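Below: the structure, in structure tokens.
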Amino acid sequence: MKIGVVGVGYLGQHHARIYRSLSGVDLVGVADVRVERAGEVAGRLGVEAFGDHRKLIGRVDAVSIATPTVTHRQVAADFLREGVAVLVEKPMTTSLPEADDLIGLAAGSGTLLGVGHTERFNPAVRMLRERVKDPRFIEIHRLGTFPARSLDVDVILDLMIHDIDLVLALTGGAAVKSLDASGVAALTPRVDIANARIRLAGGCVANLTASRISSSKVRKVRVFSRNSYHSCDCADQSLEEMRLRPPAEPGALPSVVRETPTIKNDEPLAAELRAFVEAAGGGRPFEVRGEDGRRALAVALAVAERVEESFREDAG
């Protein structure tokens, strides 16, 4: 399969690196408006460099797009119109109308549109999803050190959107019934730390905290269900499970069984790109389609709007 990568900054360079290592994949080239950067990454990998992404059209079967979010709609549309399978990094677009445009283009051309919610491909998260049934309360902390990237969006669209997608996946895409949120712009003009409390159809409540000004990285997911508790560390790819064991005999007390299942570690981005290549080649469907990316984006934008409302309330 012939593949290209558009945007080879902090994240896109890793897309290119992984594609270059996959069997059955021919990384045709990388494109970036910063021609020197494209040449640098292309030189490391022994592929061709382009300053204009459109020069990849007609030469590739599929493409990863890791450009700034404001360009996602236009770049992805150029490829989808030509029947090229697209994996666009999250957030898929800056607005819901843009997301709808891409979904419509993909449907009209019968072309795969995937969205890069990489955490779905984390092996610990995969096992968590297999084991959790009917979650009642989800708490997620995603804290990162200050980045020299992704400052074109706030922390909600940069980091929290990962966890919004996980909540939707764990609850079967349940509709949001209500939400409240607050945030602070600390080191940049955009919100750098935010908290959201989301109530979903079916009764599950999710409490999400995301920060990009922490002194250390934290990627913790805790899920409380009836008769079970799961704690997932996305960073070290580990999972702890606690379940209530019924009394062995009448009159006896129930007991708690603790398990830490063995997980085969994998690079989530590599797992995602392998799945994308398989789906683009007509294999199993890709797990995170355009519609999934749109759902996560819709909730993230609602959280961001509520944060802005809280600013106005405080100022008033």
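Select from the range 78-124 the residues that are closer than 18 Å to Gly4 by Cα and surrounded by fewer than 18 Cβ atoms within 10 Å (Cβ to Cβ) and list them in ascending order.
Hits for the range 78-124 are Arg81, Glu82, Gly83.
Got a sec? Which of Gly12, Gly39 is within 15 Å of the chain's Cα centre (by Cα) and of a type in the set (Gly, Ala, Ser)? Talk me through it step by step, then tell me what you get.
On the way: Gly39 fails: within 15 Å of the chain's Cα centre (by Cα).
Testing whether each residue is within 15 Å of the chain's Cα centre (by Cα) and of a type in the set (Gly, Ala, Ser) leaves just Gly12.
Looking at the structure I just gave you, is Thr209 among the polar types (S, T, N, Q) and either within 25 Å of Gly144 (Cα to Cα) or touching a Gly at 6+ places or on another chain (Cβ under 6 Å) (or both)? Show your work before the answer.
Details: among the polar types (S, T, N, Q): yes; either within 25 Å of Gly144 (Cα to Cα) or touching a Gly at 6+ places or on another chain (Cβ under 6 Å) (or both): yes.
Against the criterion (among the polar types (S, T, N, Q) and either within 25 Å of Gly144 (Cα to Cα) or touching a Gly at 6+ places or on another chain (Cβ under 6 Å) (or both)), Thr209 qualifies.
Please determine, by comparing only the residues of the range 68-97 that are acidic (Asp, Glu) and outside any helix (DSSP H, G or I), which one is nearest to Ala300 (Cα to Cα).
Step one: filter the range 68-97 for residues acidic (Asp, Glu), giving 78, 82, 89.
Subset that is outside any helix (DSSP H, G or I): 82, 89.
Details: Glu82: 30, Glu89: 15 Å.
Once the filter is applied, the top-ranked residue is Glu89.
Please work out which one of (1) under 18 Å from Asp292 (Cα atoms); (2) in a helix (DSSP H, G or I) is the condition His14 fails and give its number.
The single condition His14 does not satisfy is (1).
Could you tell me whether the range 30-41 includes any residue that is of a type outside the set (Ser, Thr, Tyr), crowded, with 24+ Cβ neighbours inside 10 Å and within 23 Å of Gly283 (Cα to Cα)?
Among the residues of the range 30-41, not one is of a type outside the set (Ser, Thr, Tyr), crowded, with 24+ Cβ neighbours inside 10 Å and within 23 Å of Gly283 (Cα to Cα), which makes the answer no.
Of the conditions (1) touching a Cys at 6+ places or on another chain (Cβ under 9 Å); (2) over 22 Å from Val125 (Cα atoms), Glu240 fails just one. Which one is it?
The failed condition is (2).
Just to be sure, is Ser215 assigned by TED's automatic domain parsing to the domain that holds His162 and either within 27 Å of Val155 (Cβ to Cβ) or in contact with a Ser or Thr (Cβ under 7 Å, 6 or more places away or on another chain) (or both)? Break it down stepwise before answering.
Numbers: assigned by TED's automatic domain parsing to the domain that holds His162: yes; either within 27 Å of Val155 (Cβ to Cβ) or in contact with a Ser or Thr (Cβ under 7 Å, 6 or more places away or on another chain) (or both): yes.
Against the criterion (assigned by TED's automatic domain parsing to the domain that holds His162 and either within 27 Å of Val155 (Cβ to Cβ) or in contact with a Ser or Thr (Cβ under 7 Å, 6 or more places away or on another chain) (or both)), Ser215 qualifies.
Give the residues of the range 1-18 that are surrounded by 19 or more Cβ atoms within 10 Å (Cβ to Cβ) and over 29 Å from Phe146 (Cβ atoms), sorted by residue number.
Within the range 1-18, Ile3, Gly4 qualify.
Condition first: closer than 30 Å to Val205 by Cβ, of a type outside the set (D, E, K, R) and part of a helix (DSSP H, G or I). Now tell me which residues in the range 98-147 satisfy that.
Ala99, Ile103, Thr118, Phe121, Pro123, Ala124, Val125, Met127, Leu128, listed by residue number.
Only residues that are under 16 Å from Arg131 (Cβ atoms), of a type in the set (S, T, N, Q) and either part of a loop (DSSP other than H, G, I, E, B) or touching a Phe, Trp or Tyr at 6+ places or on another chain (Cβ under 8 Å) (or both): list them for the range 223-265, please. Explain how you work it out, then say what you get.
Step one: of the range 223-265, the residues under 16 Å from Arg131 (Cβ atoms) are 223-234, 237-245, 256-264.
Next cut, of a type in the set (S, T, N, Q) only: 225, 227-228, 231, 237-238, 260, 262.
Scanning the range 223-265 gives Asn227, Gln237, Thr260, Thr262.
Let's see how each residue does on (1) assigned to a helix (DSSP H, G or I); (2) free of Cβ contacts under 8 Å to residues at least 40 places away in the same chain:
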residue	(1), (2)
Val153	no, no
Ile164	yes, no
Gly173	no, no
Ser182	no, no
Leu187	no, no
Arg190	no, yes
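The values are calculated or read from the model by the stated rules, or taken from the named source; none is laboratory data. Please read these numbers as outputs of a predicted model, since none were measured by experiment. All Cβ positions, glycine included, derive from the backbone under ideal geometry; neighbour counts span all protein chains shown.
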